Amino acid sequence: MIGHAPDPVESVTLFARLLRDAGLTTGPERVRDACEALLAIDLERPDEVRYALRAVFVTRREEGPVFDAAFDLFFSRPGGEGKAGSIPGRSRPLALDPKQALAWMNALGLSSPGVAREVEGPPASSTGYSAEELLRQRDFREMSWEELASVRRLLRQSPWRVAERKTRRLRADRRGTVNLRRTMRAAARQGGDAQRLARASARTKRRPIVILCDVSGSMDRYSRHLLVFAHAIGRRERVETFAFSTHLTRITHLLRHGDIDSALDHVASQVHDIGGGTRIADALHTFQRDHARRVLGHGAVVLIISDGWDRGDPDQLGHEMARLRRSCHRLIWLNPLLGSSAYQPETRGMAAALPHCDDFLSAHSVDALDALGKLLAQLPRRVSRSSRGAGVGIGGNGAAAEG
């Protein structure tokens, strides 16, 4: 049964690449687990192979049909019965990019005519766009490992610059307002005669950013890529980063490692509830009790990255969001699901949190994060508290419009 590569390990690795191209989450750990699972079964029985690999690579109900289609395509017999890309008695389409589909059909020894019949892909409408432009618009969960490496480079090169705020400290400025204290000190040194008016203006400083990133099971396809974003912005801005699922963990020091892979490994080893349930209200309560006084000063901007799926009390979430909003300069919610035109914030958690957000934006692609960067660069220096009561609504382009 295991036979598109002479070595079973190579075969499983190749199959994991196909699953990755089809949109499923794979990685070295899951490939290792798949190999261990195959050691416990009879490799000559296709159903046992299917169920063993499915147990490793499928974590959500909607991933089941994708896995089955990929399994049928990968383990089909060239020249056997049934259509190309399927095994006898099974015929499922697999959504792939047209070029990827053709490459996989050739690699698996399947006939080219079967590509048009069995492998579905988006229309080739990308004429005139560079590969980088297409990559910037692509959803993180649909990217291959090679594409994610390119995304990391794009995020590091993004022209991030958070808006500045005025501080209470002054600096000498010929065009500034008269500084009476410095003028009188200078006059005292000259016998009480004020020969020159000292002028000064307020110093400016970039606003600090606080990132609260959801790493629960429902965010599994996005959280790692968004932590890459947090790592990239933290290299040039003053950022405090926290991860939460059922508990809140400060990971600022873990993301200071220069190598992103090492930083993410440190996060995975220290945050013990990755992939668990979601209790946003409890996480916000812990943040405001233990960390808010230290990190929310100086007009901080708070970014909450979550899909809004929550197991807690929505009333408590609304209370914690209202309290957090009063403590920061701007409260921005980033929801990766907002990149889909069909998405509506109808979950209890999202519905409770949305009225307290200043902005509701997507976070599913590089372009979406660049839009966030532009917003942060244009933040006003002052906030009108009377204008913060209307919350946000979803705009027609999938972004958020202030109400």
Within region 25-84, the residues that are modelled with pLDDT under 80 and exposed (fewer than 14 other Cβ atoms within 10 Å of the Cβ) are 27, 28, 29, 60, 61, 62, 77, 78, 79, 80, 81
Would region 18-27 turn up any residue that is in a helix (DSSP H, G or I) and in contact with a His (Cβ under 7 Å, 6 or more places away or on another chain)?
no
Going residue by residue through region 323-331, is there one that turns out to be in a helix (DSSP H, G or I), among the hydrophobic types (A, V, I, L, M, F, W, C), modelled with pLDDT of 90 or more and in the same structural domain as residue 288 (by TED's automatic domain parsing)?
yes
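Here is a check on your reading of the model: is residue 315 modelled with pLDDT of 90 or more, more than 20 Å from residue 359 (Cβ to Cβ) and out of contact with any strand residue (DSSP E or B) (no Cβ under 9 Å at 6 or more places or on another chain)? Steps first, please.
Numbers: modelled with pLDDT of 90 or more: yes; more than 20 Å from residue 359 (Cβ to Cβ): yes; out of contact with any strand residue (DSSP E or B) (no Cβ under 9 Å at 6 or more places or on another chain): yes.
So residue 315 passes the test.
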Take the conditions touching a strand residue (DSSP E or B) at 6+ places or on another chain (Cβ under 9 Å), assigned to a loop (DSSP other than H, G, I, E, B) and either in contact (Cβ under 8 Å) with a residue 12 or more places away in the chain or on the phi < 0 side of the Ramachandran plot (or both) and apply them to residue 355. Does it pass?
no
Please count how many residues of region 210-222 are buried (at least 24 other Cβ atoms within 10 Å of the Cβ) and among the hydroxyl-bearing types (Ser, Thr, Tyr).
2
Residue among 304, 274, 280 that is more than 23 Å from residue 361 (Cα to Cα), β-branched (Val, Ile, Thr) and assigned by TED's automatic domain parsing to the domain that holds residue 214:
274
When (1) part of a helix (DSSP H, G or I); (2) within 19 Å of residue 226 (Cβ to Cβ); (3) at pLDDT 90 or above are applied to residue 360, the one that fails is (1)
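The values are calculated or read from the model by the stated rules, or taken from the named source; none is laboratory data. Just so you know, these numbers come straight off a predicted model, no measurement behind them. Note that each Cβ is placed from the backbone with ideal geometry, even for glycine, and that neighbours are counted across all protein chains shown.
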